[in-house]
Amino acid sequence: RIVGCIIGGGLGLISMIWIIPRFETLETFLFVIFCVHALSAWIAVGSDRISYVGLQIALAFDLGFLNGYGPPQNIDPLRDRFIGIVLGIFIVTIVFALIWPENAEMHATEHLAAGLKAIARLLKLRTPDDAPQEEGSQAAQSELQIAACLSQANAFEEQARFEMLIHGSAPAPGPAVGDAIAISEEIYVCSLLWIRQESTEQTTNAAEVAE
């Protein structure tokens, strides 16, 4: 967040001091906004490690640059907004570190538990002759839910390792979350293979009976 704020504020400052006073046209104004927001969007759709930087660049740039059309009289609005954003970041950091702490490992465990429950529901599903489409739709929804839960669990597990590196805390007793996620993924793959094989056998038997 701080890196994005510095980049966005710096781009806004450069645009206000160097670009706008020299090119006082609407096309230049819109072109500068388009370029900065294109950069922010490109970063925002990237890796989860840096995606928030893109949002913070756009926020800091807009708050400082979009004060009005024309050459700036002073840079006080940009300075005040930059200080406000940095101050807000530090306040949020203190709140989530001391008053309302967030634990990435806990969230990873919750998503892992939800994924295992979804795997259990998927294994309970059967394809009855009276409602094959409904059952197939439920199975597809369960597979999407499992994939989403395991993906989110992996993301939070990576954040948990980063938190342990920052805080220097020892890992919690018991199996590691990463190992549990890997085992759950293996269970999911084996379950899919078993479900696909069972579905193929049912289709083959139905075809033989029809013949």
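The values are calculated or read from the model by the stated rules, or taken from the named source; none is laboratory data. This structure is a prediction, so every number in the text was calculated from the model and none was measured. Please note: Cβ atoms are built from the backbone with ideal geometry, for glycine as well, and neighbour counts cover all protein chains shown. Calculation scope for accessible area: heavy atoms of the full protein, side chains included, ligands and nucleic acids excluded. Shrake-Rupley method; radii C 1.70, N 1.55, O 1.52, S 1.80 Å.
Largest accessible area first, the residues K124, K117 order themselves as K124, K117 under a 1.4 Å probe with ligands, DNA and RNA left out. At the residue level, M106 shows approximately 90 square angstrom of accessible surface with a 1.4 angstrom probe and all protein chains present. Ranking F82, F31 from most to least accessible surface, computed with a 1.4 Å probe over the protein chains only, gives F31, F82. In plain terms, the chain from A97 to Q141 could stretch by 12.2 nm, reckoned as 0.36 nm per residue minus the Cα-Cα distance. Taking W194, W100, W42, W18 and ordering them by how much accessible surface each has at a 1.4 Å probe, largest first, produces W42, W100, W18, W194. Taking a ≥ b ≥ c as the square roots of the Cα gyration tensor eigenvalues, with a/c under 1.5 meaning rounded and otherwise prolate when a/b beats b/c, else oblate, which class fits the stretch 4-52? Oblate, since a/c reaches 1.5 and b/c is not below a/b. Let's test the formula: R0 of 30 Å, r as the Cβ-Cβ distance of A38 and V86. What FRET efficiency results, to the nearest 0.05? So the FRET efficiency works out to roughly 0.75.
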